[in-house]
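Okay, structure first, notes after.
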Amino acid sequence: MKLFALWLVVILQVRAVWSQNQSSYLEHFWSYGRSEPVYPSPDIEGWGNWIVAYTKAKALVHQMTNEEKNNLTYGYNSMTIGCSGISGGVPRLGFPGICLQDAENGVRGTDMVNAYASGLHIGASWNKELAYTRASYLGAEFKRKGINVALGPVAGPIGRVVRGGRNWEGFSNDPYLSGALTGVSVRGLQTSVIACIKHLIANEQETYRMPPMFLPGSFNQSVSSNVDDKTMHELYLWPFQDAVKAGVGSAMCSYQRINNSYACQNSKVMNGLLKGELGFQGFVVSDWGAQHTGIASAAAGLDLAMPSSSYWSNGTLSLSVKNGSLAQTRLDDMATRIIAAWYRYAPLEDPGHGLPTSLLLPHRLVDARDPRSKQTLLQSAVEGHVLVKNINNALPLRNPKFLSLFGYDGVAIRQFTGTWMGLDNSLSYPDGTPVDYIKIAHIITSSADPNSHLPGVALNGTLISGGGSGSNTPAYIDAPFDAFQRQAYEDGTFLSWDFSRVNPQVNPASEACIVFINEQSSEGSDRPDLADPYSDELVVSVANQCNNTMVVIHNAGIRLVDNWIDNDNITAVVFAHVPGQDSGRALVDVMYGKQSPSGRLPYTVARKASDYGSLLNPEVSSGNQNIYYPQSNFTEGAYIDYKAFELQGITPRYEFGYGLTYTSFAYSQLAIQRDPEVNIEYLPPGSTIEEGGLPSLWDVIARISCNVTNTGAVAAAEMAQLYVGVPGGPKKVLRGFVKQSLEPGQWKEFKFELTRRDLSTWDVTKQNWILQRGGYPIYIGKSVLSIQLVDTLRL
């Protein structure tokens, strides 16, 4: 027995050594030599509008000891302030630290705030002015709560993986649309606070997003997004460049690896692309728990670690400067970047004063809401609705006598605590299996089977946002049923409803039957499908009994409809996305014709899931291949969504940019005017980087215009879209959009500008944007497939 025990000890020791050696081998094999090293980290320059804040920051940092500078670079756990993260301060010099708080769609997890329409919903509005106004009111709410940094907007994920769990947080999977709305959102937020553009970069799936937090001793690493240089610039970096051009004060590095180097220690991404090529002047903050090294992450460009740091605490950085393992200039730059952003955008004296650590304990109410935001809350909810089917003018509704309402999404959740991060209405699967906090925790920390998913449908209440840190806290929830009851009172309509059964009985006297369903999506879990069978069964059941069935889908991502869309009894379909707290009121405005729908799809809806090809699902390791170091190879390049559909000749159900209104529009008189004074040489002139990159990339080379006439009988807004055929690239790329309201019979001129950047491609050899000579097809239309006018720009 003793001999057996001795042999067992030896065997276990050998296995431990073998495992350690195997782990070391895999680490060296995957993590070295695959992402270009870029050092040193560029210092903040204080360009343009940064100069005053930069000068003040330099002077303040000069008075600090290295220990005090070190203290600024990581967060700590506060027992009195409820911020998502709070940094250290230097009280003797009057710097109190900064409060960082979720997220891009509203202040999360507290009281006396509003729940705004989510990023995807704003993407469906295609409205830059509305996006700016929304962000301005959002930023003001953050400021009133004592928050310095609003953790948004989202430029990544852009939406490469169709089932990606966080796609709903961003605006669109098109880089131009995403970038345009990102830029104005940054400007809006920064009228009050520091915006934080996230997640840097190529953070395109939730599966394997981090090493498993609840599996100690595991060798598993996060997925690596393997992206070539051309694709990085033309797709994933594009909206981040718009954010930097807008003066964004902070950027969040993501969880996953990029070309096998973790994002928060990737010198190519932070030093080379963000701070070097784009001239970023703010600070880089880690996603929560995304720091994996100490000196290496600092040297690679990380400035602030959240929510704490075992690597930088206890004076590690100041000691590293003393022993020569970290440059003094790097520590100075880290502190200067943080202080400069604070001075420029949010020099608050009492960070986090409106955020209690617990809403269940006595606390002072700080009302962050502005009554003037009501119209923006409603209008941003209205304009994200996309009408995709309307047979025989079934909509708008006109004083109906009898409506029947069905579906679990019609009513608000019975209890909302905010503790489930937007998942309060998603705590059961369609088969009745409950979801508990432990299961959620394991899934969102990559500690569960990679094929495990959170519910793909929110059965316990109407969907106003997706789940996770990007969710928001509503002041109220105006559910569809609430709004339909109010309208019924005004019109004298009789309502019948059943929000419980999947196979309800329908009164045959109903003039119309409206079915409310949803598709949930959340941080930490990629979606289980694009069309849940439970909801489809409900739709078909009602449609089989009612010849005027209308379907409203609150979808936090792409939702397929081909299981029932061709049913003759289904007369109208609305993609209602994730509209925030004014959900019902906005829906009634659209369905009753108080406003003509003006939303357009910011993505492509396929006829079947397989049409998305290899981009349908997240990368999941199979067998023993890359089981510890999962690899996701972005070999499709820039060809995602509509670009891939056109390349492969696949006809979608509803194309990118599609959406119906209650009127009709005619396009005419396309005109192209090239500016002869603007340089059109192969390489952009100049070599001095400013905020946003080379200034000449923003030179306007051509101006495009056309006339649009409302030929129908209803006032409505038209969204004219400009696509360009850049030589050597996709057949069409979006390069402009203009939204204007037109009265019946009225026409307006729609104007677009094309910059050098819009017409350029990235040359991996010259490491620069190049402008090719030749013809550039110009397309103006109602969607990427509904092209109304065509001409050619010649350079």
### Residue that is within 30 Å of Asn220 (Cβ to Cβ) and of a type in the set (A, V, I, L, M), where the choices are Ile413, Ile391, Ile438
Ile438
### Query
Which one of these does Thr792 not meet: (1) in a strand (DSSP E or B); (2) open to solvent by less than 10 Å² (accessible area, probe 1.4 Å); (3) hydroxyl-bearing (Ser, Thr, Tyr)?
(2)
### Summary
Of (1) in contact (Cβ under 8 Å) with a residue 24 or more places away in the chain; (2) closer than 16 Å to Val61 by Cβ, Pro347 satisfies every one except (1)
### Query
Does Arg527 satisfy the condition of being among the basic types (Lys, Arg) and touching an Asp or Glu at 6+ places or on another chain (Cβ under 9 Å)?
yes
### Summary
Taking region 218-238 and keeping only residues that are among the hydroxyl-bearing types (Ser, Thr, Tyr), surrounded by fewer than 24 Cβ atoms within 10 Å (Cβ to Cβ) and at pLDDT 95 or above, one is left with Thr231
### Task
Determine if region 331-341 includes at least one residue that is in a helix (DSSP H, G or I), more than 29 Å from the chain's Cα centre (by Cα) and not acidic (Asp, Glu).
yes
#### Entry: Gly324 vs. criteria small (Gly, Ala, Ser), at negative phi and either touching a residue at least 24 places away in the same chain (Cβ under 8 Å) or not assigned by the TED database to the domain that holds Val539 (or both)
no
### Query
Among the residues of region 207-217, is any touching a Pro at 6+ places or on another chain (Cβ under 7 Å), more than 30 Å from Ala346 (Cβ to Cβ), buried (at least 24 other Cβ atoms within 10 Å of the Cβ) and not aliphatic (A, V, I, L, M)?
yes
### Task
Working carefully through the options Gly693, Gly686, find the one that is open to solvent by less than 30 Å² (accessible area, probe 1.4 Å) and within 16 Å of Ser760 (Cα to Cα).
Gly693
### Task
From the list Leu181, Leu177, pick out the single residue that is in contact with a helix residue (DSSP H, G or I) (Cβ under 6 Å, 6 or more places away or on another chain), assigned by the TED database to the domain that holds Met252 and either polar (S, T, N, Q) or at pLDDT 95 or above (or both).
Leu181
### Message
Taking the criterion of being in contact (Cβ under 8 Å) with a residue 40 or more places away in the chain, open to solvent by less than 30 Å² (accessible area, probe 1.4 Å) and more than 30 Å from Ile640 (Cα to Cα), would at least one residue in region 554-566 satisfy it?
### Response
no
### Sole residue being within 27 Å of Thr110 (Cα to Cα), surrounded by fewer than 20 Cβ atoms within 10 Å (Cβ to Cβ) and touching a residue at least 40 places away in the same chain (Cβ under 8 Å), chosen from Ala509, Ala483, Ala475, Ala488
Ala475
#### Entry: Matching residues, region 451-465, being touching an Asp or Glu at 6+ places or on another chain (Cβ under 9 Å) and open to solvent by 20 Å² or more (accessible area, probe 1.4 Å)
His453, Leu459, Asn460
### Total residues in region 319-345, condition crowded, with 21+ Cβ neighbours inside 10 Å, farther than 15 Å from Gly249 by Cβ and among the hydroxyl-bearing types (Ser, Thr, Tyr)
1
### Query
Restricting the search to region 383-418, which residues are closer than 25 Å to Thr110 by Cβ, touching a residue at least 12 places away in the same chain (Cβ under 8 Å) and open to solvent by 50 Å² or more (accessible area, probe 1.4 Å)?
Arg414, Phe416
#### Entry: Conditions (1) in the same structural domain as Lys751 (by the TED database); (2) not in a helix (DSSP H, G or I): number failed by Pro652
(1)
### Query
So which of Ser469, Ser496, Ser452 ends up being outside the structural domain of Asp111 (by the TED database) and touching a helix residue (DSSP H, G or I) at 6+ places or on another chain (Cβ under 8 Å)?
Ser452
### Query
Of all residues in region 728-748 being in a strand (DSSP E or B) and closer than 24 Å to Pro396 by Cα, which is least open to solvent (accessible area, probe 1.4 Å)?
Leu742
### Subset tally (residues that are farther than 30 Å from Ile44 by Cα and outside any loop (DSSP other than H, G, I, E, B)) for region 667-716
19
### Query
With (1) under 30 Å from Gly46 (Cα atoms); (2) buried (at least 17 other Cβ atoms within 10 Å of the Cβ); (3) in contact with a Pro (Cβ under 6 Å, 6 or more places away or on another chain) as the list, and Gly725 as the residue in question, which single condition is left unmet?
(1)
### Task
Inspect all residues belonging to region 425-442 and state whether any of them is within 22 Å of the chain's Cα centre (by Cα) and not in a helix (DSSP H, G or I).
yes
### Task
Mind listing just one residue for me: the one in region 512-530 that is hydrophobic (A, V, I, L, M, F, W, C) and buried (at least 22 other Cβ atoms within 10 Å of the Cβ) and, of those, farthest from Met210 (Cα to Cα)?
Cys513
### Task
Would you check if there is a residue in region 239-248 being open to solvent by 10 Å² or more (accessible area, probe 1.4 Å), of a type in the set (Phe, Trp, Tyr) and under 24 Å from Gly524 (Cβ atoms)?
no
### Task
Exactly one condition in (1) in contact (Cβ under 8 Å) with a residue 24 or more places away in the chain; (2) under 23 Å from Gly659 (Cα atoms); (3) not polar (S, T, N, Q) is not met by Arg527; state its number.
(2)
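Yes or no, residue by residue, for (1) over 24 Å from the mean Cα position of the chain (by Cα); (2) over 13 Å from Ile339 (Cα atoms); (3) at pLDDT below 95; (4) of a type outside the set (Gly, Ala, Ser):
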position	(1), (2), (3), (4)
Tyr74	yes, yes, no, yes
Met79	yes, yes, yes, yes
Gly89	yes, no, no, no
Phe95	yes, no, no, yes
Gln101	no, yes, no, yes
Asn105	no, yes, yes, yes
Arg108	no, yes, yes, yes
Val113	no, yes, no, yes
### Task
Scan region 749-771 residue by residue and report those that are of a type in the set (S, T, N, Q) and surrounded by 15 or more Cβ atoms within 10 Å (Cβ to Cβ).
Thr755, Ser760, Thr761, Asn768
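The values are calculated or read from the model by the stated rules, or taken from the named source; none is laboratory data. On a predicted model such as this, the values are computed, not experimentally measured, just so you know. With ideal geometry, Cβ positions are generated from the backbone for all residues, glycine too; neighbour counts draw on all protein chains shown. We work out accessible area using only protein heavy atoms, side chains counted, and drop any ligands, DNA or RNA first. Shrake-Rupley method; radii C 1.70, N 1.55, O 1.52, S 1.80 Å.
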